[in-house]
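Working notes, beginning with the structure itself.
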Amino acid sequence: MDYDAILNDIYADVQPLLGHGAIATYIPELAHVDPLKFGMAVQRLDGRVHTIGDAHERFSIQSISKLFTLTLAMQREGDAMWQRLGREPSGNAFNSLVQLEYEHGIPRNPFINAGALVVTDIILSHFGNAQQSVLDFVRRLSQTDDLTFDAAVAASERATGFRNAAMGYFLKSFGNLHNDTVAVLDAYFHHCSLAMSCSELARAATFLANGGRLPWNDESIVTASQAKYINSLMLTCGTYDSVGDFAYRVGLPGKSGVGGGIVAVMPEEFAVCVWSPALNESGNSLAGTRALELFTTLTGISIF
Ligand code: DON
């Protein structure tokens, strides 16, 4: 399989799409990103890496952080977390409030914002310092010591994240946040502000393609069953209310972020990350989704 040639073909193919869709401007600091950026990285389990375009440029990972916080929470809390969270696609926008009311404060899944706030609450209860523990964890997964939060992005979201704040207090009213709401929100905004490149994100997700173990030293991050659970949740909930379209077109479990990144996993083979900042209506990268569709089509590799 000539991955480099395939990435070259994809790069050429997506050029006309770059800039189509909309940059996430509801977090003002994200509005400065160049909409024409495009990068892609494939991290294979044997250590080989294939990249194209802006694959080494860091961007705001936003909701891709929910993959790492879920992993950490699952590692520490195990199945008990499912008393506070569902495992079904929401069929609503990632920041919707309505479902929480009639489902009594139990978020549909850990990847919508409400679910991720509960996950952050779980991490706070276990570690005390949710920000540092997540940063240390993602540094370990990506083998990159100089990863940092983007303070400007975190502050921008804190200043404008009224909907998330509403969600936090709403969860608290149902007894589904155990820690101080402001502390949970602050940790959540910081996790979302992590700046990483496609190559770093693909590396950080490889344990999910490798039965829960880091391929370079065989260290166990989660059990093989838990890796299966996380991949299944990505497939059914990772790209929000276009998760059906994403699964249909791409055929891989994937997790998106409003910074324009999408991470996807092919068990036993690779983790792949694509970045293109302009988004479709559901908040997933428009050209990024197309690039992943082309990737599974041209390689002939998907979970199906
Ligand atoms: O909470 C928010 O709205 C953002 N920090 C993250 C949302 C996000 O990335 C959803 N993904 N597609």
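The values are calculated or read from the model by the stated rules, or taken from the named source; none is laboratory data. Because the structure is a prediction, the values reported are computed rather than measured. Cβ sites come from the backbone with ideal geometry, for glycine too, and all protein chains shown count toward neighbours.
Scanning the range 170-215 for residues that are under 20 Å from Gly261 (Cα atoms) and part of a loop (DSSP other than H, G, I, E, B) returns Ser193, Ser197, Ala205. The residue of the range 282-304 that is surrounded by the most Cβ atoms within 10 Å (Cβ to Cβ), among those that are assigned to a loop (DSSP other than H, G, I, E, B) and polar (S, T, N, Q), is Asn284.
Run down Leu171, Leu194 and say which single residue is within 16 Å of the ligand (Cβ to nearest atom) and more than 19 Å from Gly86 (Cβ to Cβ).
Checking each option against the conditions leaves just Leu194.
Filtering the range 274-298 to residues that are charged (D, E, K, R) and at pLDDT 95 or above leaves Arg290, Glu293.
Can you name the residue in the range 262-281 that is assigned to a loop (DSSP other than H, G, I, E, B) and under 15 Å from the mean Cα position of the chain (by Cα) and, of all such residues, is surrounded by the fewest Cβ atoms within 10 Å (Cβ to Cβ)?
Start the filter on the range 262-281 by keeping residues that are assigned to a loop (DSSP other than H, G, I, E, B), which leaves 267-269, 276-278, 280-281.
Applying the additional criterion that residues be under 15 Å from the mean Cα position of the chain (by Cα) yields 276-277.
Numbers: Ser276: 30, Pro277: 28.
So the residue we want is Pro277.
Kindly list the number of the only condition in (1) closer than 13 Å to Gly259 by Cβ; (2) modelled with pLDDT under 95; (3) among the polar types (S, T, N, Q) that fails for Ser65. In the conditions (1) closer than 13 Å to Gly259 by Cβ; (2) modelled with pLDDT under 95; (3) among the polar types (S, T, N, Q), Ser65 misses (2) alone.
Quick one: is Asp79 surrounded by fewer than 18 Cβ atoms within 10 Å (Cβ to Cβ) and either in contact with a helix residue (DSSP H, G or I) (Cβ under 6 Å, 6 or more places away or on another chain) or under 20 Å from Cys237 (Cβ atoms) (or both)? Answer is yes for this residue. Might you check whether a residue that is under 20 Å from the mean Cα position of the chain (by Cα) and either surrounded by fewer than 23 Cβ atoms within 10 Å (Cβ to Cβ) or away from the ligand (no atom under 16 Å from the Cβ) (or both) occurs anywhere in the range 58-65? The answer is yes, given that some residue of the range 58-65 is under 20 Å from the mean Cα position of the chain (by Cα) and either surrounded by fewer than 23 Cβ atoms within 10 Å (Cβ to Cβ) or away from the ligand (no atom under 16 Å from the Cβ) (or both).
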